[in-house]
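Notes for the one structure printed next.
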Amino acid sequence: MRQPAAQEPPKITFPCDYSLKVVGDAAEDFPACVCQVIVRHDPDFDATAMQVVDSRNGRFQSVRVVIRATGEQHIKELFEDLKATGRVHMVV
């Protein structure tokens, strides 16, 4: 019987446009909080392209953005800073 080949995660070629979804408790200033962190990591970030979606019951918000990622370390540091705000539950 043939064994399935181990799948490797897709390789990302940097720099690239990288999509993120940042989820936190719904609040009027949550998108601005996310934007402040992102701008520290991507000074050319276009906040006008940010999409904010409320959850069905209005308890959570997701902020969808596209950043210019320069490498895996760049993305890792951005994720860490977003989580460090104490307002972000998840970044995907």
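Name the one entry in V39, V52 that is assigned to a strand (DSSP E or B) and either hydrophobic (A, V, I, L, M, F, W, C) or closer than 20 Å to F14 by Cβ (or both).
V52
Filter the range 82-92 for residues that are of a type in the set (G, A, S) and surrounded by 10 or more Cβ atoms within 10 Å (Cβ to Cβ) and give the result.
Listed by number, the list holds a single entry, A84.
Of all the residues that make up the range 7-36, how many are surrounded by fewer than 11 Cβ atoms within 10 Å (Cβ to Cβ) and closer than 15 Å to T85 by Cα?
So the count comes out to 1.
Mind listing just one residue for me: the one in the range 37-63 that is over 21 Å from G86 (Cβ atoms) and touching a helix residue (DSSP H, G or I) at 6+ places or on another chain (Cβ under 6 Å) and, of those, modelled with the lowest pLDDT?
A47
Can you tell me which residue among V66, V34 is modelled with pLDDT of 95 or more and in a strand (DSSP E or B)?
Result: V66 is the single residue among V66, V34 that is modelled with pLDDT of 95 or more and in a strand (DSSP E or B).
From the residues in the range 41-81 that are β-branched (V, I, T) and under 19 Å from D25 (Cβ atoms), which one is surrounded by the fewest Cβ atoms within 10 Å (Cβ to Cβ)?
V53
Collect the residues in the range 6-37 that are within 12 Å of the chain's Cα centre (by Cα) and β-branched (V, I, T), keeping them in residue-number order.
Within the range 6-37, V22, V23, V34, V37 meet the criteria.
The values are calculated or read from the model by the stated rules, or taken from the named source; none is laboratory data. These numbers were taken from a predicted model, which means no experiment stands behind them. So basically every Cβ, Gly included, is an ideal-geometry build from the backbone, and we count neighbours across all protein chains shown.
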